[in-house]
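J.: Following this message is one structure expressed as structure tokens.
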Amino acid sequence: MLIGLYNYWVVVVLMMIGFYIVIANGNLIKKIVGLSIFQTSVFIFYISMAKVDGGTAPILAEGIKQYSNPLPHVLILTAIVVGIATTAVGLALAVRIKEAYGSIEEEEIQAKDNLDC
Amino acid sequence: MTSVFLLAFLVVIAVAIVRMRDLLAVSMLLGIYGLLSASFFVTMDAVDVAFTEASVGAGISTLLMLAAITLTGRSEHPTRHKPVLALFVVLITGCLLIYGTLDMPYFGSADAPIHLHVAPHYINNSMQEIGIPNIVTSVLASYRGFDTFGEVVVIFTAGMGVLALLSVVRRAENITKIDSINDSMHAEYLILRIVVKALIPFILLYALYVQFHGDFGPGGGFQAGVIFAAAIILYAMLFGMSTARRVINQSVIQFFAAIGVLLYGSVGVVALINGKSFLDYSALSADPVAGQHLGILLVELGVGLTVASVMVIIFFNFEGRRDVLQSQENNHKGDN
Amino acid sequence: MMDIIMNISSAVFLLIGSFLCVSGGVGILRFPDLFTRMHAAGVTDTLASAMILTGLMLQNPDGLVILKLIIILLMTLFISPTASHALARAAMINGLKPMLDKPADHEGGMSSKT
């Protein structure tokens, strides 16, 4: 019972740590880091579900009866590369915000916006 | 058993990231986090995923993080308000999610719903239908080829997004100036340069191996693209951006990023013209299995081209931005 | 007979490698400044990975696997010292001086780490 759901609980903990970083930190780069922790926890969730006891990697070979589920692997493989590409867009936005506002702290940006209007 | 400890380490590192204020240390910890999750994926039999995560999470993502931090500053301001509310929201959400997991089938059980739907078809029939041993590649490129096409388009779009946000118009630099910059870096980086010069051909060769061996072992276009880009980025870091820009022409690499997507799409269109569904590779040749082989080869090539070019574009634009900002700062100092 | 010898020698190599890894980790925690820590990590890791890879080669005496492991070994032997060198050099350029043994400020060991 305890060990049977351990992976999913760790996933929830990691997901919540990422979520906490996103909502509790004002720094935009730190928020992006939080998002990528969140993202990785989802990867771990999918890959944990794909595992079958006694299975091996899904590469067909002689004399192997049980394979792990290949479908989640495919989904996550592409998601990792898409994840880094979108993270790069986020970082690029942070860089532009730094140039425009001189800061990437949420509160300072808000203060500047309030001054403007 | 190993996976239990790896997951515990992941939690420890995530907590350390929460507490750390220095963004440089945070990005290093994120690299460790990526490597550990890659090791976890190996213990879960997901070798292809582990390969991708090791090259992306521990390699390229740390680099991009560092490139961004050099532009935005490395220390985080402490927040003034107390994060009690955030903690409360997170705890409630976490409890609800844990409550949700109680209905999940136990880890590793072979009769979970996820293993009963389409996965048995892939495992039992992919050898007859596609004819390559690596099921992940056959699902990625053939059964769910349309899905992967969408992902490649997303990567391409992300590359274009970075280009739109960060690209700068630069005048052609004269060659003697580039050479003098290059020489001035020489003494500082001598040992690194010699070792890296010896290693880069092997890295590129390995990327090609990963690209074309993806049918038989872990690997494929996504991993190969990232490794290929890593070699180019390594070169750019050690020989200076202006030298690297002379070697890797930016408009050519943008052209390649588009060509990759186009290649993927046109394989689908050729199948369509031959009277089968979009991306049904059995239409490419008289023998359906040979057609599948050809289709997967071309599609993976397209994926590899796009991924490698987009990663290079992203890195070069981050670094190019820094050059421009530095020269602007110098001009400001000169004015004052 | 041959199998037993192979297995035992492989186990010995793996054990030595793991011990070196652990000792490198202890070194990182216990040593006083960046250069000594890096020394602990860099030197032991190079030898440890060589030991572990040799142990793995003895586990599976199959042509292709051994070739791959040898390539990994060569890569590690190149990359690990170079990475240590780059790290130390970056620290030196940014003004971190190695902590030298000065009996005078023995109690304030951290003070020389500027």
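The values are calculated or read from the model by the stated rules, or taken from the named source; none is laboratory data. As the structure is a prediction and not an experimental result, all values here were calculated from the model. Every residue, glycine among them, receives a Cβ derived from its backbone with ideal geometry; neighbour counts consider all protein chains shown.
J.: Between B:Val153, B:Val136, which is in contact with a Pro (Cβ under 8 Å, 6 or more places away or on another chain), assigned to a helix (DSSP H, G or I) and in contact (Cβ under 8 Å) with a residue 24 or more places away in the chain?
T.: Going through B:Val153, B:Val136 in turn, the sole match is B:Val136.
J.: Of all residues in the range B:139-154, which are closer than 20 Å to B:Lys276 by Cβ and surrounded by fewer than 16 Cβ atoms within 10 Å (Cβ to Cβ)?
T.: B:Phe146, B:Asp147, B:Gly150
J.: Listed residues B:Ile135, B:Ile178; which is more than 25 Å from A:Ala88 (Cβ to Cβ), among the β-branched types (Val, Ile, Thr) and buried (at least 22 other Cβ atoms within 10 Å of the Cβ)?
T.: Answer to the selection: B:Ile135.
J.: Got a sec? Which helices (runs of 4 or more DSSP H) wholly within the range A:4-117 have at least 3 residues that are at the interface with chain B (Cβ under 7 Å from one of its Cβ atoms) and of a type in the set (A, V, I, L, M, F, W, C)?
T.: So the answer is A:6-24, A:28-50, A:70-101.
J.: For B:Ala141, indicate whether it is part of a helix (DSSP H, G or I), touching a residue at least 24 places away in the same chain (Cβ under 8 Å), small (Gly, Ala, Ser) and within 7 Å of another protein chain (Cβ to nearest Cβ).
T.: For B:Ala141, the condition - part of a helix (DSSP H, G or I), touching a residue at least 24 places away in the same chain (Cβ under 8 Å), small (Gly, Ala, Ser) and within 7 Å of another protein chain (Cβ to nearest Cβ) - is not met.
J.: Based on this model, can you work out whether C:Ile4 counts as within 14 Å of chain B (Cβ to nearest Cβ) and without any contact (Cβ under 8 Å) to a residue 40 or more places away in the chain?
T.: no
J.: Do you know which of the residues in the range B:87-107 that are surrounded by 14 or more Cβ atoms within 10 Å (Cβ to Cβ) and closer than 24 Å to B:Thr43 by Cα is modelled with the highest pLDDT?
T.: Restricting to residues being surrounded by 14 or more Cβ atoms within 10 Å (Cβ to Cβ) and closer than 24 Å to B:Thr43 by Cα, the top hit is B:Ile98.
J.: Here is a check on your reading of the model: is A:Tyr46 under 26 Å from B:Ala14 (Cβ atoms), among the aromatic types (Phe, Trp, Tyr), out of contact with any strand residue (DSSP E or B) (no Cβ under 9 Å at 6 or more places or on another chain) and free of Cβ contacts under 8 Å to residues at least 40 places away in the same chain?
T.: For A:Tyr46, the condition - under 26 Å from B:Ala14 (Cβ atoms), among the aromatic types (Phe, Trp, Tyr), out of contact with any strand residue (DSSP E or B) (no Cβ under 9 Å at 6 or more places or on another chain) and free of Cβ contacts under 8 Å to residues at least 40 places away in the same chain - is met.
J.: Could you say whether any residue in the range B:181-194 is on the phi < 0 side of the Ramachandran plot and crowded, with 22+ Cβ neighbours inside 10 Å?
T.: no
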